[in-house]
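The values are calculated or read from the model by the stated rules, or taken from the named source; none is laboratory data. For clarity, every value in this text was computed on a predicted model and none was experimentally measured. Note: ideal-geometry Cβ built from the backbone for every residue, glycine included; neighbour counts use all protein chains shown.
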Amino acid sequence: MNLSKSNAVQKLTNKEEEVMKILWKLEKAFVKEVMKEMKGDKPHYNTLSTIIRNLEEKGYVAHEAFGNTHRYYPTVSKEAYRKKYINSTIADYYDNSYKSLVSFFAKEEKISVQELKEIISIIENQK
């Protein structure tokens, strides 16, 4: 699925993102298999099933039917999702400036000088 259109796919809730991370990891899974992978407080089976069906309505997930049960799989790659929402976050919170984003992490001491040097090296090697 192409996420380049701004209205094509809706932003995910935290629970939906958690489910998507599991589906990206498992590639295909029944609701009970997704439940097994969830950490912490697990939702009721019916609640999880509803979350997955909502993901399907939003265009993130599709399913294969096996009688009355469905095996779900992602239709959006983790990379496509990450790219869309990283770009959206940078636009919304950092005025479309990657420099502002990196500066924020530097000021918060979330990135080291060594890591910044590694980033510079990656950029220089791509030229």
Exercise. Within the set of pairs 6 or more residues apart or between chains, which connect a residue that is closer than 22 Å to Asn87 by Cα and assigned by TED's automatic domain parsing to the domain that holds Ile86 inside segment 100-127 to a residue that is assigned to a helix (DSSP H, G or I) and among the aromatic types (Phe, Trp, Tyr) with Cβ atoms less than 6 Å apart?
Worked result: Ile111/Phe105
Exercise. If you go through segment 36-56, how many residues are over 22 Å from Lys11 (Cα atoms) and surrounded by 14 or more Cβ atoms within 10 Å (Cβ to Cβ)?
Worked result: 1
Seminar exercise, completed: Given the conditions (1) assigned to a helix (DSSP H, G or I); (2) within 30 Å of Ile111 (Cβ to Cβ); (3) not assigned by TED's automatic domain parsing to the domain that holds Leu116, every one holds for Lys39 apart from (1)
Exercise. In segment 68-92, how many residues are hydroxyl-bearing (Ser, Thr, Tyr) and modelled with pLDDT of 90 or more?
Worked result: 6
Seminar exercise, completed: Exactly one of Leu3, Leu12, Leu23 is at negative phi and at pLDDT 95 or above, and that residue is Leu23
For this session: Take the residues in segment 57-76 that are farther than 14 Å from Val31 by Cβ and in contact with a Ser or Thr (Cβ under 8 Å, 6 or more places away or on another chain), then tell me which one is surrounded by the most Cβ atoms within 10 Å (Cβ to Cβ).
Result: Tyr60
Exercise. Do any helices (runs of 4 or more DSSP H) lying entirely in segment 65-127 carry at least 3 residues that are of a type in the set (Val, Ile, Thr), and which ones are they?
Worked result: 78-93, 113-126
Seminar exercise, completed: When segment 8-47 is checked residue by residue, the ones that are within 16 Å of the chain's Cα centre (by Cα) and polar (S, T, N, Q) are Gln10, Thr13, Asn14
